[in-house]
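Note sheet for the following structure.
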Amino acid sequence: MQRREFLKLLGAGTAIGAFPGAVRAASPAQGRVVVIGGGYAGATAAKYLRLWGGDDLEIILVEKNTTFISCPLSNLVLGGSKKIGDLTFNFSGLDRYRIKRLHEEVTAIDVEHREIVVGDGDKLGYDRLIIAPGIDFMWDKLPMLESAAAQEKVPHAWKAGPQTVNLRKQMEAMPNSGVFAISIPKAPYRCPPGPYERVSQVAFYLKHAKPNSRIIVLDANPEIVSKKDLFTKAWAELYPGMVDYRPNSQTVDVDVDSRSVKTEFETVKADVLNIIPQQQAGGPARMAGVANVDKRWCEVDFLSYESKVAPNVHIIGDSVSAALPKSAHMATSQAKVCASAIASLMRGVAFDPQPVFANTCYSFVSDRLAMHVANVYRYDPAKKIMVSADGGGVSDKPSEQEGNYAQYWAKNIWSDVLS
Ligand SMILES: Cc1cc2nc3c(=O)[nH]c(=O)nc-3n(C[C@H](O)[C@H](O)[C@H](O)COP(=O)(O)OP(=O)(O)OC[C@H]3O[C@@H](n4cnc5c(N)ncnc54)[C@H](O)[C@@H]3O)c2cc1C
């Protein structure tokens with residue numbers, strides 16, 4: 001549906017070009033919640049708002065893409081055991097929850113007047129706003145990689161989609177005895193174990209297709225950020241001599257044409273170069289002025305995910321500032337706490353004073369072997385943050401059984417988010 005048609009159908013008002021003021025709800029009994037971003041966090045929040053918020057709530061999801069492509073399992077596209085199509089879904093499963101979907105880009109947010117701007121200028125009003133835009137890259141740190149042409153040559157593939165496919169194609173075109181170099185940014189970044197899973201998947205492919213190749217891992221962190229012992233052992237046992245891991249190696253410069261990367265200590269030239277840039281809250285969070293921690297991440301009240309600096313604005317998912325992993329599982333957990341709190345707020349009743357949730361991250365080290373790390377988090381009323389609680393743990397070793405669990409984890413979360 002075209003944007004103008006969509007906005008007209010919302011009831012009162014019309015596009016800003018024709019009338020001053022934003023399109024407002026036609027007085028639904030409980031008001032209107034607009035959700036920006038239909039990824040793991042936003043789509044989940046929209047669905048659970050309907051389930052817990054009742055029929056009278058008007059829920060509008062504004063997502064710029066028309067398909068949902070999952071980052072979880074996208075490293076397996078590089079290893080060759082998945083295709084990007086296996087990870088691509090549409091949003092129609094949300095229609096049964098009477099969520100009004102607008103596939104447009106949000107370009108501005110006015111928190112004072114409770115309006116968002118969609119596309120080239122149409123405004124949409126809200127009673128409460130959920131911002132779930134994932135991450136954006138900090139191109140000011142590596143400006144030479146900002147253009148589409150540069151990313152064609154040196155992809156990040158840290159938002160699953162065409163860049164994932166491009167990176168795989170580059171690996172297929174790589175000579176045997178070639179060098180694949182990957183640069184990992186300083187934490188916090190999206191998916192703590194993700195870069196190391198990627199190294200494992202690249203090694204899995206190269207071991208079989210180009211066994212004389214090497215992988216150079218330039219990690220800005222002092223050590224492997226997640227599941228360190230498990231990854232170290234898996235690389236030594238499954239891919240002996242292939243993975244050259246270099247800690248404290250922050251990328252400071254990239255020569256795109258020659259695929260060379262410079263750290264403080266050395267310059268590495270690669271046949272395939274994968275730079276994962278530093279990250280920050282997604283654009284809409286910064287537009288709304290709610291990325292108040294180092295102008296990078298968003299500080300929230302962990303009982304409702306309401307911003308600490310803008311009332312009626314809630315932020316969930318990777319954009320949140322927290323000592324919590326930036327994961328899809330975490331994004332859906334936060335979304336449910338937020339949806340439950342907003343449903344209560346809209347009805348004027350108290351919300352859960354002590355939420356508890358869990359997070360599990362699986363990592364594949366081959367096409368079938370996987371391992372996990374799991375944690376339980378509980379709200380601490382004194383510290384006013386989520387803290388680790390009893391429960392969870394880490395695998396002893398990768399196994400096929402965990403590989404099966406990981407595949408089912410993905411099926412479950414896709415079904416929870418999108419149907
Ligand atoms: C390679 C890789 C592997 C991963 N593996 C796992 C895993 O195994 N398990 C796990 O739990 N997590 C994993 N993750 C992490 C996970 O993908 C993220 O933590 C999760 O996607 C965060 O959800 P989100 O909703 O915050 O962001 P996203 O899922 O990125 O959703 C944000 C949405 O907002 C939309 N958006 C942004 N700006 C605008 C705008 N201006 N207007 C309209 N829409 C907008 C985007 O199009 C996007 O759809 C992995 C990540 C990567 C990169």
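Overview of results
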item: All positions within region 291-306 that are away from the ligand (no atom under 15 Å from the Cβ) and of a type outside the set (A, V, I, L, M, F, W, C); result: Asn292, Asp294, Lys295, Glu299, Asp301, Ser304, Glu306
item: Cβ pairs under 6 Å, 6+ apart, first in region 322-345 and of a type in the set (Lys, Arg), second within 8 Å of the ligand (Cβ to nearest atom); result: Lys326/Arg190; Lys326/Asp318
item: Test: residue in region 171-183 that is at pLDDT 95 or above, part of a helix (DSSP H, G or I) and in contact with a Phe, Trp or Tyr (Cβ under 9 Å, 6 or more places away or on another chain); result: yes
item: Pairs where the first residue, in region 70-84, is without any contact (Cβ under 8 Å) to a residue 60 or more places away in the chain and the second is part of a loop (DSSP other than H, G, I, E, B), C-beta under 6 Å, 6+ apart; result: Lys82/Leu73
item: Condition met for Val387 (among the hydrophobic types (A, V, I, L, M, F, W, C), in contact with a His (Cβ under 9 Å, 6 or more places away or on another chain) and surrounded by 11 or more Cβ atoms within 10 Å (Cβ to Cβ)); result: no
item: Matching residues, region 114-154, being away from the ligand (no atom under 16 Å from the Cβ), in a loop (DSSP other than H, G, I, E, B) and closer than 21 Å to Leu57 by Cβ; result: Arg114, Asp127
item: Residues (surrounded by 13 or more Cβ atoms within 10 Å (Cβ to Cβ) and of a type in the set (Asp, Glu)) located in region 133-145; result: Asp136
item: Among (1) within 18 Å of Asp86 (Cβ to Cβ); (2) more than 9 Å from the ligand (Cβ to nearest atom) - the single one Ala160 does not satisfy; result: (2)
item: Residue count for region 187-229, restricted to those that are over 22 Å from the mean Cα position of the chain (by Cα), crowded, with 21+ Cβ neighbours inside 10 Å and in a loop (DSSP other than H, G, I, E, B); result: 1
item: Any hit, region 277-284, residues being in a strand (DSSP E or B) and out of contact with any Cys (no Cβ under 6 Å at 6 or more places or on another chain); result: yes
item: Residues that are closer than 21 Å to Ala343 by Cβ, of a type in the set (Asp, Glu) and surrounded by fewer than 18 Cβ atoms within 10 Å (Cβ to Cβ), drawn from region 290-314; result: Asp301
item: Residues of region 258-294 satisfying the condition of being in the same structural domain as Asp110 (by TED's automatic domain parsing) and at pLDDT below 95; result: none
item: Unique match (being modelled with pLDDT of 95 or more, under 30 Å from Glu112 (Cβ atoms), touching a helix residue (DSSP H, G or I) at 6+ places or on another chain (Cβ under 6 Å) and among the aliphatic types (A, V, I, L, M)) among Ile224, Ile135; result: Ile135
item: Filtered residues of region 65-77 (kept if near the ligand (Cβ under 9 Å from one of its atoms), out of contact with any His (no Cβ under 9 Å at 6 or more places or on another chain) and not small (Gly, Ala, Ser)); result: Phe68, Ile69, Cys71, Leu73, Asn75
item: Whichever residue in region 257-290 is of a type in the set (Gly, Ala, Ser) and more than 13 Å from the ligand (Cβ to nearest atom) and, among such residues, is nearest to the chain's Cα centre (by Cα); result: Gly289
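The values are calculated or read from the model by the stated rules, or taken from the named source; none is laboratory data. Just so you know, these numbers come straight off a predicted model, no measurement behind them. Neighbour counts are summed over all protein chains in view; Cβ atoms, including those assigned to glycine, are modelled from backbone coordinates with ideal geometry.
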